[in-house]
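Comments concern the structure below.
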Amino acid sequence: MAQLQGIDVSRWQGAIDFGAVRGQKQFVIIKASGGDGGLYPDSKFADNKAQRRAAGLLGGFYHFAGAGDPIAEADKFVETVGDVQAGEVLVLDWEVSHPNPVAWCLQFMQHVEARTGIKPLIYMNNGTVL
């Protein structure tokens, strides 16, 4: 079975050559917003979104959870992402400690789905302490 390979990108990667990425990866998930240290859009989001689409790469957008108010973070994410094209995914990136991560993530994800009609994905790394 063939595997899809992809990357996630944010302002930390600087200027990205999405044409070169297309030669090596099949999808790119772009950081749209974050809740760590206050709600903010990623400063490279608009450029990355347009360039990924122009390169014809599959992908979507993620929110880096800050474990503040899940509804406020979901609203910032949805507002930052704007239009979502067919086949694009919405993702919650959970890498923080919280006393009730399941409830927090559920509120965030349900609010995103209610606003967009899209059921988001969630990802976390093995080192995440719940």
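Bear in mind that the values in this text are calculations on the coordinates, not laboratory data. Just so we're clear, the structure is a prediction, and the values are computed from it rather than from any experiment. All Cβ positions, even for glycine, are placed from backbone atoms using ideal geometry, and neighbour counts span all protein chains on display.
Descriptive notes on the structure:
- Gaussian network model of the chain, springs between alpha carbon atoms under 10 Å - residue of 41, 70, 101 with greatest fluctuation: 101
- Dimensionless Rg/Rh of the stretch 69-116 - Kirkwood Rh, Rg from C-alpha atoms: 0.98
- Net length available on complete extension from residue 86 to residue 121 is 11.1 nm, with 0.36 nm assigned per residue and the Cα-Cα distance removed.
- The trypsin sites (Lys or Arg not before Pro) of the stretch 1-101 that meet both conditions, a loop assignment by DSSP and at most 16 other Cβ atoms within 10 Å of the site Cβ, are 25.
- Fully extended contour minus Cα-Cα distance, from residue 71 to residue 103, at 0.36 nm per residue: 10.3 nm
- Computed extension length for residue 53-residue 22: 10.1 nm, one decimal, from 0.36 nm per residue of separation with the Cα-Cα distance subtracted.
- Spatial offset of the stretch 81-114 relative to the stretch 55-77 amounts to 6 Å, using the alpha carbon center of each.
- Taking amide hydrogens as placed 1.01 Å from N in the peptide plane, the amide H of residue 89 sits under 5 Å from those of 59, 60, 61, each at least 5 positions away in sequence or on another chain.
- Summarising the amide proton neighbourhood of residue 8: residues at separation of 5 or more, or on other chains, whose placed amide H is nearer than 5 Å comprise 29.
- The 3J(HN,Hα) values that the Karplus relation (6.51, -1.76, 1.60; θ = phi - 60°) gives for the stretch 50-66 are, in residue order, 5, 6, 4, 4, 4, 7, x, 8, 5, x, x, 9, 10, 10, 7, 5, x Hz. Gly and Pro appear as x.
- Highest-fluctuation residue, 106, 57, 92 considered, GNM on the chain with Cα pairs under 10 Å: 106
- Taking each DSSP H run with n ≥ 4 as -39500 (n - 2.57) and averaging over every residue of the chain yields -10000 deg cm²/dmol at 222 nm.
- Annotation: amide H-H contacts under 5 Å for residue 122 (H modelled 1.01 Å from N, sequence separation of 5 or more, or interchain): 92.
- With R₀ set to 35 Å, the beta-carbon distance separating residue 110 from residue 3 gives a calculated FRET efficiency near 0.70.
- The loop-placed chymotrypsin sites (Phe, Trp or Tyr not before Pro) in the stretch 19-62, going by DSSP, include none that has at most 16 neighbouring Cβ atoms within 10 Å of its Cβ.
- For the stretch 1-118, alpha-carbon Rg over 2.2 N^0.38 Å: 1.06
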